[in-house]
1. Within segment 57-99, which residues are within 12 Å of G34 (Cβ to Cβ) and of a type in the set (S, T, Y)?
2. Which members of segment 15-45 meet the condition of being surrounded by 15 or more Cβ atoms within 10 Å (Cβ to Cβ) and either closer than 22 Å to K107 by Cβ or touching a Cys at 6+ places or on another chain (Cβ under 6 Å) (or both)?
3. For segment 1-29, what are the residues that are at pLDDT below 90, assigned to a loop (DSSP other than H, G, I, E, B) and under 15 Å from K72 (Cβ atoms)?
4. Would you pick out the residues in segment 55-71 that are free of Cβ contacts under 8 Å to residues at least 60 places away in the same chain and surrounded by 19 or more Cβ atoms within 10 Å (Cβ to Cβ)?
5. Within segment 48-67, is even one residue of a type in the set (S, T, N, Q), part of a loop (DSSP other than H, G, I, E, B) and modelled with pLDDT under 85?
6. For F99, indicate whether it is part of a strand (DSSP E or B) and either hydroxyl-bearing (S, T, Y) or in contact (Cβ under 8 Å) with a residue 60 or more places away in the chain (or both).
7. What number of residues within segment 68-84 are assigned to a strand (DSSP E or B) and basic (K, R)?
Amino acid sequence: MSTATSSASVINVTAAAATKISALLSEESKQEAGLRVFVQGGGCSGFQYGLMIEEGAGDAESDRIFESNGVKLFVDPISLRYLSGAEVDFVDNLMGGGFTIKNPNAKSTCGCGSSFGV
């Protein structure tokens, strides 16, 4: 399976999140890196989101690679099933700041916002 970079992203990154991601990559001198977005089992609702810096080209055999607001995103095929149409955002409020994922596929979420059920 080839990995085509698509300008029409299945997962979107807000401008606020893109700014924060770019700043983090710049701080670590990893401007060419991207963001891996994934889903794994666990959390209080069954699944939880994960985000991490992806320095290489990802898994050329299976990863889908997207770009949104100048951020390169790597998503494995299993996670893509759960994240299609999702949005990565960065929220900074009185409780602190952090990345959040708004997922239209989640049938239920927990109070922490990082766990969901389908």
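The values are calculated or read from the model by the stated rules, or taken from the named source; none is laboratory data. All figures in this text were calculated on a predicted structure; none of them were measured in a lab. Every residue, glycine among them, receives a Cβ derived from its backbone with ideal geometry; neighbour counts consider all protein chains shown.
1. The one that is within 12 Å of G34 (Cβ to Cβ) and of a type in the set (S, T, Y): S68.
2. Listed by number, the residues that qualify are V37, F38, V39, G43, S45.
3. Hits for segment 1-29 are T3, A4, S7, A8, S9, V10.
4. Just the residues of segment 55-71 that are free of Cβ contacts under 8 Å to residues at least 60 places away in the same chain, to begin with: 55-60, 68-71.
Within segment 55-71, G58, S68, V71 meet the criteria.
5. So far as segment 48-67 goes, no, none of its residues is of a type in the set (S, T, N, Q), part of a loop (DSSP other than H, G, I, E, B) and modelled with pLDDT under 85.
6. Criteria met by F99.
7. The qualifying residues number 1.
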